[in-house]
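The values are calculated or read from the model by the stated rules, or taken from the named source; none is laboratory data. All values derive from a computational prediction rather than experimental measurement. Heads up, the Cβs are rebuilt from the backbone with ideal geometry, glycines too, and the neighbour counts pull from every protein chain shown. Just so you know, the surface numbers come from the protein's heavy atoms only, side chains and all, with ligands and any DNA or RNA stripped out. Shrake-Rupley method; radii C 1.70, N 1.55, O 1.52, S 1.80 Å.
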Amino acid sequence: MEQKTKVHAEDGKQDLKITREFDLPLELLFKAYVEPEIIEQWMGTKVLKLESRKHGSYQVETSDGKGNIAFRANGVIHELIPNQKITRTFEMEQTPFGVQLEVYEFEQLTDDTSKLTMHVIYETVAQRDQVLKLPFSFGINMAHNRLEEVLSKIK
Amino acid sequence: MNLRRDVFQAIADPTRRAILTLVATQSMTAGAIAANFDTARPTVSKHLAILTECELLAQEQNGREIYYHLNLQKMKEIADFIEPFRKMWDDRFNKLEAIMKQHKSKK
């Protein structure tokens with residue numbers, strides 16, 4: 001089965017691409033990226049600040065189950081073209097991961113479907129690989145279940 | 001052709017993924033693998049070379065024939081490395097989709 005979300009990361013390069021097709025009209029997909037209340041719902045973060053415009057800035061905060069702040073991230077929006085494109089920086093505060101440049105491209109596929117291409121450029125190859133491995137260190141999800149699923153399909 | 005093939009590029013190709021699926025259950029010769037595809041034999045050979053170079057396929061000499069089989073260890077490495085990251089985004093996007101669908105019906 002084709003996966004809806006794809007990650008393309010070439011070995012030895014400092015960028016990666018994430019693509020996803022949505023069963024959503026383009027306008028709704030774009031809206032999910034510019035309205036703080038909506039971002040809070042799907043990202044699971046608290047939006048402290050979000051100025052969805054050219055030269056605007058943003059800051060988000062994630063807490064663990066006990067209400068302790070797990071991490072804060074912030075960035076600046078370099079360009080914002082409604083229903084087309086967002087170019088912004090992203091930085092996790094107090095981490096060694098540096099600043100990443102993110103280019104989001106929004107495309108209409110049909111009246112009811114749309115596609116997002118996220119191009120992320122890191123400062124170095126090492127930083128990109130660190131970020132790729134992050135879900136392990138945070139234990140966000142257990143790779144093993146998924147992996148077993150993948151391997152059992154192959155077998 | 002690049003000598004140093006990127007493993008993620010290798011599995012991005014649908015024919016190569018199909019080859020990996022084919023040899024997952026049994027070792028097969030290049031001829032037997034090629035018989036499953038409409039593409040020309042040299043094209044299949046090229047795919048096999050790329051997969052072998054990335055160590056996704058392992059070769060095994062059996063008499064005069066060379067058999068290919070899946071290198072499970074390598075497959076596991078790829079899945080281990082990138083899959084949790086992909087899954088994290090997939091989960092987020094699924095949530096986004098569900099939330100926005102509700103959003104739409106509310107209007």
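How would B:90, A:15, B:38, A:111 line up by accessible area, probe 1.4 Å, largest first?
Values: B:90 25, A:15 50, B:38 165, A:111 120 Å².
Correct descending sequence by accessible area is B:38, A:111, A:15, B:90.
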> For residue B:45, what is the net charge nearby, where nearby means another residue's Cβ is under 13 Å from its Cβ and Lys, Arg count +1, Asp, Glu -1?
Replying inline: +2
>> Could you tell me how far the Cα centroid of region B:34-78 sits from the Cα centroid of region A:72-96, in Å?
In response: 42
>> Test of understanding: what is the full-extension gain from residue A:84 to residue A:63, defined as 0.36 nm times their sequence separation minus their Cα-Cα distance?
In response: 4.4 nm
>> Can you pull out the chymotrypsin sites (Phe, Trp or Tyr not before Pro) in region B:14-70 whose DSSP state is coil and whose Cβ has at most 15 other Cβ atoms within 10 Å?
In response: B:37
> Please state the equivalent ellipsoid semi-axes for chain B: what are the square roots of 5 times the Cα gyration tensor eigenvalues, largest first, in whole Å?
Replying inline: 37, 16, 13
> Once the piece of chain linking residue A:35 and residue A:14 is laid out straight, how much longer is it, given 0.36 nm per residue of separation minus the C-alpha distance between them?
Replying inline: 4.6 nm
> How much accessible area does residue A:113 have with a 1.4 Å probe, in Å² rounded to the nearest 10?
Replying inline: 30
> What nm distance separates the two modelled labels at residue A:49 and residue B:29, each placed 7 Å from Cα along Cα→Cβ?
Replying inline: 7.0
> Over the heavy atoms of residue B:103, what accessible area does a 1.4 Å probe trace out, to the nearest 10 Å²?
Replying inline: 50
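Can you put B:23, A:125, A:76 in order of accessible area, largest first, using a 1.4 Å probe?
Values: B:23 5, A:125 50, A:76 75 Å².
From most exposed to least exposed: A:76, A:125, B:23.
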> When the Debye formula is applied to the Cα atoms of region A:55-125, each taken as the same point scatterer, what base-10 log of I(q)/I(0) results at q = 0.14, 0.21, 0.27 Å⁻¹?
Replying inline: -0.57, -0.94, -1.14
>> Probe radius 1.4 Å, ligands and nucleic acids left out: which of A:20, A:88 has the largest accessible area, and how do the rest follow?
In response: A:88, A:20
